[in-house]
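To keep things clear, I will list the structure first and then write my remarks on it.
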Amino acid sequence: MARLSQRERIIQHIQDRYAAEPEHLWARYPNYAVFRQSASRKWFAAVMDVAKKSIDLPGDGTADVMDLKCDPVLVGSLLAQDGFLPAYHMSKSSWISILLDETVPDEQIFPLIELSYDSVAPKRKKP
């Protein structure tokens with residue numbers, strides 16, 4: 001049995017952990033999927049195949065990436081690591097793109113998905 005790609009594993013994790021199904025919002029980009037937080041309905045993740053030239057990677061073709069909402073303080077430290085890029089088509093101060101090419105292990109990505117999910121949850125009112 002073939003091993004799932006990192007993109008497939010990440011999508012499976014999101015579906016299993018958050019019961020969030022991929023939404024394909026753009027007919028022109030059938031491989032772009034967004035995931036919404038269940039209560040707020042805000043996006044917490046987007047998985048895309050992006051032209052390498054659009055994200056300053058060498059070579060032709062596309063690369064699978066995932067955008068996650070991220071604390072601005074964390075963005076800077078993540079960008080210093082291999083596999084992390086300035087957010088593709090999102091606010092570069094509060095979103096990050098992660099290459100889904102096995103550069104960043106799943107175990108490092110999962111907590112970042114959790115942070116993104118929690119960051120778009122409805123805010124609790126103070127008593």
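The values are calculated or read from the model by the stated rules, or taken from the named source; none is laboratory data. Not measured: the values here are computed from a predicted model. Cβ: placed from backbone, ideal geometry, glycine included. Neighbour counts: every protein chain shown. With ligands, DNA and RNA removed, areas are computed over all heavy atoms of the protein, side chains included. Shrake-Rupley method; radii C 1.70, N 1.55, O 1.52, S 1.80 Å.
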| Sites residue 26 and residue 93 - FRET efficiency at Förster radius 30 Å, r taken between beta-carbons, to 0.05 | 0.80
| Whole-Hz ³J(HN,Hα) from phi, Karplus 6.51 cos²θ - 1.76 cosθ + 1.60, for the stretch 89-104, glycine and proline x | 6, 9, 4, 6, 8, 10, 9, 9, 9, 10, 5, 9, 10, 6, 5, 9
| message | Residue by residue through the stretch 27-37, what is 3J(HN,Hα) from phi via Karplus (6.51 cos²θ - 1.76 cosθ + 1.60, θ = phi - 60°)? Round to whole Hz and write x for glycine and proline. | response | 4, 5, 10, x, 9, 8, 9, 10, 10, 10, 5
| query | Nearest 20 debye, what's the magnitude of the dipole of the chain about its Cα centre given +1 on Lys and Arg Cβ and -1 on Asp and Glu Cβ? | reply | 780
| Pulled fully out, how much extra length does the chain show between residue 123 and residue 3, if you take 0.36 nm times their separation in residues and subtract their Cα-Cα distance? | 39.3 nm
| task | Take the chain, connect every pair of alpha-carbon atoms lying under 10 Å apart with a spring to form a Gaussian network, then pick out the residue of 73, 50, 104 with the largest mean-square fluctuation. | result | 73
| request: Evaluate the Kirkwood expression for the hydrodynamic radius of the chain, namely the inverse of the mean inverse distance over all pairs of different C-alpha atoms, and round to one decimal in Å. | output: 15.0
| What number of lysine-lysine pairs in the chain show an alpha-carbon separation below 26 angstrom, given a sequence spacing of 8 or more or placement on distinct chains? | 14
| message | Between residue 73 and residue 102, what is 0.36 nm times their sequence separation minus the Cα-Cα distance? Round to one decimal in nm. | response | 8.0 nm
| Which residues' amide hydrogens lie under 5 Å from the amide hydrogen of residue 62, considering only partners 5 or more residues apart or on another chain, with H built in the peptide plane? | 52
| request: Compute the accessible area per residue over the chain, keeping the other protein chains in place, probe 1.4 Å, unit Å². | output: 60
| Carbon + sulfur, % of accessible area of the chain - ligands and nucleic acids excluded, 1.4 Å | 55
| residue 90: net charge of surrounding residues, Cβ under 12 Å, Lys/Arg +1, Asp/Glu -1, itself excluded? | +1
| request: State the extension gain, in nm to one decimal, for the chain segment bounded by residue 42 and residue 13, taking 0.36 nm per residue of separation less the distance between their alpha-carbons. | output: 8.6 nm
